[in-house]
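Below is one structure, written out as structure tokens, with a few remarks after it.
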Amino acid sequence: MDPRFVGIPELTGVPRIAVVIDVMRAFTVAAWAFSRGVEKIVLAATEDEALALKEHHPGRLALKDGAPAAGFDLVNSPALLRSADIGGRTLVQKTTAGTVGALAVADAPLILCASFVVAGPTARLLRGAGVPGPVTFVITGEDGRAEEDLACAEYIARRGATGAGVGAAPYLDRARNSRAAAELSTGVRRGSHPDDVALCLELDRFPFAMTARREDSAMVLRPTTVPRTVVGPRGPGKRRHH
């Protein structure tokens with residue numbers, strides 16, 4: 001694997017494989033939504049588009065970051081989502097970083113959306129594919145400078161290249177001490193919960209990766225089961241779920 005780490009403004013051309021990182025909180029929230037039984041997540045470019053997609057498809061739920069707003073059913077908080085009754089529903093998600101990053105690489109042949117809660121399965125998927133060429137990790141926060149996203153991307157890249165024997169503590173510490181974590185902990189970011197940071201730092205909480213692709217005219221995110229035993233470029237190996 002040849003990892004490249006870029007911010008959204010630095011994207012040029014169409015990556016062969018894109019891993020879009022948003023730890024705090026879009027793709028932690030997405031993983032929680034799937035764990036709560038959401039069937040799929042439609043990624044919207046604007047809040048108006050999110051509301052239109054909800055209106056045109058009765059039964060969908062709309063989610064945004066920031067404070068609650070008219071027409072939106074949920075906010076971008078894993079702690080607030082963990083008790084929501086959303087099983088079997090379709091979620092429309094619009095955030096300022098994660099969904100923007102995914103839509104920016106919409107033409108890539110393989111798009112994975114990730115955070116620490118699905119880091120292991122994402123790395124196994126990359127390793128199992130035996131990726132020979134460059135993998136573009138899109139650091140969505142702070143124009144590519146978000147420490148929590150960069151730490152997660154570097155962890156996934158290293159674990160995808162070498163297997164499960166990678167210590168996660170230094171990467172999680174970087175995320176824990178990030179600007180985003182501080183803003184969430186102190187309530188600077190609206191639509192948050194005191195447990196959000198801790199939930200965003202739960203390594204491998206869920207056993208699936210998340211794959212985005214075009215379905216008709218929309219970008220749709222779905223969970224992808226990843227076997228714990230994969231065959232990569234170095235042969236078969238066991239992967240333990242933490």
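Relative contact order (percent) for the stretch 180-229, with alpha-carbon contacts under 8 angstrom and 6 or more residues of separation? Walk me through the intermediate numbers first.
On the way: 37 pairs, mean separation 11.6, N = 50.
Relative contact order of the stretch 180-229: 23 percent.
Comparing 120, 88, 167 in a Gaussian network model of the chain where C-alpha atoms under 10 Å apart are linked, the largest mean-square fluctuation is found at 167.
Cross-chain or 8 or more residues apart, Cα under 20 Å: how many lysine pairs in the chain fit that? Count them up, please. Provide the component values of the computation, followed by the final result.
Details: 40/54; 40/64; 40/94; 54/64; 54/94; 64/94.
Final tally of qualifying lysine pairs is 6.
Normalised by the residues of the stretch 1-87, what does the relative contact order come to in percent, with Cα pairs under 8 Å and at least six apart? Result for the stretch 1-87 is 28 percent. Here the Karplus curve 6.51 cos²θ - 1.76 cosθ + 1.60, taken at θ = phi - 60°, turns the phi angles of the stretch 98-111 into couplings of x, 5, 4, x, 5, 5, 5, 10, 4, 8, 5, x, 9, 10 Hz, with x standing for Gly and Pro. In the stretch 2-225, Cα pairs under 8 Å separated by at least six residues give a relative contact order of 32 percent.
When the chain is treated as a Gaussian network with alpha carbon springs shorter than 10 Å, the biggest mean-square fluctuation among 217, 83, 178 belongs to 217. Residues 224, 28 in ascending order of nearby Cβ atoms (within 10 Å, fewest first): 224, 28.
In this label model, residue 39 and residue 162 are separated by 4.3 nm, measuring between points 7 Å along each Cα→Cβ vector. Between residue 69 and residue 55, the distance separating the two model label sites (each 7 Å from Cα on the Cα→Cβ line) works out to 1.4 nm.
Among the trypsin sites (Lys or Arg not before Pro) in the stretch 49-105, which ones are in a DSSP loop with at most 10 other Cβ atoms within 10 Å of the Cβ? Mind listing them?
none
Among 65, 204, 85, 195, a tally of other beta-carbon atoms within 10 Å of each Cβ gives an order, fewest to most, of 85, 195, 204, 65.
Please find the FRET efficiency linking residue 169 to residue 225, where r is the Cβ-Cβ separation and R0 is fixed at 30 Å, and quote it to the nearest 0.05. The formula returns an efficiency of 0.65 here. Put simply, the C-alpha atoms of the chain give a gyration tensor, and the ellipsoid matching it has half-axes of 26, 20, 17 Å, longest first.
Annotation: amide H-H contacts under 5 Å for residue 20 (H modelled 1.01 Å from N, sequence separation of 5 or more, or interchain): 112, 113, 114, 138.
Neighbouring Cβ atoms within 10 Å as the yardstick, rank 219, 24 fewest first.
Numbers: 219 19, 24 32.
Exposure proxy ranking, most exposed first: 219, 24.
For the options 99, 122, 186, a Gaussian network treatment of the chain with springs between C-alpha atoms closer than 10 Å singles out 186 as fluctuating the most.
Coordinate-derived values only; no laboratory data. What you are looking at is a predicted structure, and each value in this text was computed from that prediction instead of being measured. FYI the Cβ positions are ideal-geometry reconstructions off the backbone, even for glycines, and counts take in every protein chain you see.
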